[in-house]
Amino acid sequence: MSPAEAMGGGVGGGEVAGGEGGSAATETRPGAGKALVIIPTYNERENLPKLLPLVLAQDPRIEILIIDDNSPDGTGPLADDMARVEPRVHVLHRAGKLGLGTAYIAGFRWGIERGYEWLQEMDADFSHDPSHLPQFLDAIQEYDVVIGSRYLEGRVTVVNWPIKRLLLSYYANVYARLVTGLPVGDATAGYKCYRREVLEAIPLDRVESQGYAFQIEMKFRAWRRGFRLGEIPIVFVDRTLGESKMSKHIVREAVLKVWKLRWLDLRRRL
């Protein structure tokens, strides 16, 4: 049985970023009452067939948007195959490796146009356990942004990270909170859920960050607009398949970006 056959029946398909994208704005709002889990991919062919069925099994309201950056390993065509047989899976293709932040922005816009109630960020490498998704959907009824936290109430819930990587992440959070004042335990967390209204209120064309900085920036912009941030505990497990996308550039960007965010806030230009 192929990965696509394992997904079940139905009809789906992919789109190309920048195209018309079909009937995006319909009066019936195809995403009404649903959650869209946005999963950027680059060389994630090994993980996708295992991950997608687990995500969809968590709640019947969940749909998935794969955003593939023209992965050399064929992740994009595989995603298209899976979407053709599962109507809750959608695919957006981009011309090349354009970065995590821009992938999520593209996904937010895609979901907003179709009226999804809740939009969820999620990694494709199993570091974000799909079993936490029902907790997000419960908590988003109370909060405007729900963060899956690795550092909540003094606990560290990270598995398989080298001590150097763990310390870098932990103290990056301390640094980001000190500079920005963000009232959360995990400012750099990438597993989180937004109400659609939050993303509609943020000027997405002004968001420039990638990586850690993108995660900090989106939380900061939401918080400074008065939206309620909540956290739920998650267990973060380092990837076992594929390669990490972490780089020195991502770390350097986060170090500098928090000061720019603080300056923009003081100038009321967020």
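Sorting the segments 226-238, 139-151, 175-187, 155-167 by their residues' average number of neighbouring beta-carbon atoms within 10 angstrom, most packed first, yields 139-151, 175-187, 226-238, 155-167.
Based on Cα contacts under 8 Å between residues 6+ apart, the chain shows a relative contact order of 22 percent.
Here is the link list: LYS34/LYS164; LYS34/LYS219; LYS50/LYS257; LYS50/LYS219; LYS34/LYS260. Which ones come out longer than 28 Å on Cα distance? Present the calculation step by step, with values, prior to reporting the outcome.
Numbers: LYS34/LYS164 39 Å; LYS34/LYS219 22 Å; LYS50/LYS257 35 Å; LYS50/LYS219 30 Å; LYS34/LYS260 35 Å.
Going by Cα-Cα distance, LYS34/LYS164; LYS50/LYS257; LYS50/LYS219; LYS34/LYS260 fall outside the 28 Å limit.
The C-alpha atoms of the chain define a longest principal axis, and helix 100-113 lies at about 60 degrees to it. Angle of helix 163-180 to the longest C-alpha principal axis of the chain, folded into 0 to 90 degrees and rounded to 10: 70°.
Of the listed peptides 207-218, 192-203, 120-131, what is their order by residue-averaged count of other C-beta atoms within 10 Å, with the highest listed first?
Working: 207-218: 23.7, 192-203: 18.9, 120-131: 21.1.
In decreasing order of mean packing, 207-218, 192-203, 120-131 become 207-218, 120-131, 192-203.
What does DSSP give for the chain in terms of the percent of beta bridges that are antiparallel, rounded to the nearest 5? Walk me through the intermediate numbers first.
Working: 9 of 36 bridges.
Around 25 percent of the beta bridges assigned by DSSP in the chain are antiparallel ones.
For region 214-222, backbone phi angles converted through the Karplus equation (6.51, -1.76, 1.60; θ = phi - 60°) give residue-by-residue couplings of 4, 5, 5, 4, 5, 5, 5, 5, 5 Hz, Gly and Pro being listed as x. Helix 248-266 axis versus longest C-alpha principal axis of the chain: approximately 70°, rounded to the nearest ten. Scanning residues 5 or more positions from GLU231 or on other chains, those with amide H under 5 Å from its amide H are ILE147, with H placed 1.01 Å from N in the peptide plane. For ASP73 and THR28, the difference between the fully extended length at 0.36 nm per residue and the C-alpha to C-alpha distance is 12.5 nm.
Spin-label model, ALA201/LYS50: points 7 Å from Cα along the beta carbon direction are separated by 3.9 nm. In plain terms, if you count all Cα to Cα distances in the chain and split them into 5 Å steps from zero, the share in each step is 1, 6, 13, 18, 20, 18, 13, 7, 3, 1, 0, 0 percent.
Read the figures in this text as sums done on the coordinates, not as results from a lab. Quantities reported herein were computed from a predicted structural model and do not represent experimental measurements. Cβ atoms come from the backbone with ideal geometry, glycine included; neighbour counts cover every protein chain shown.
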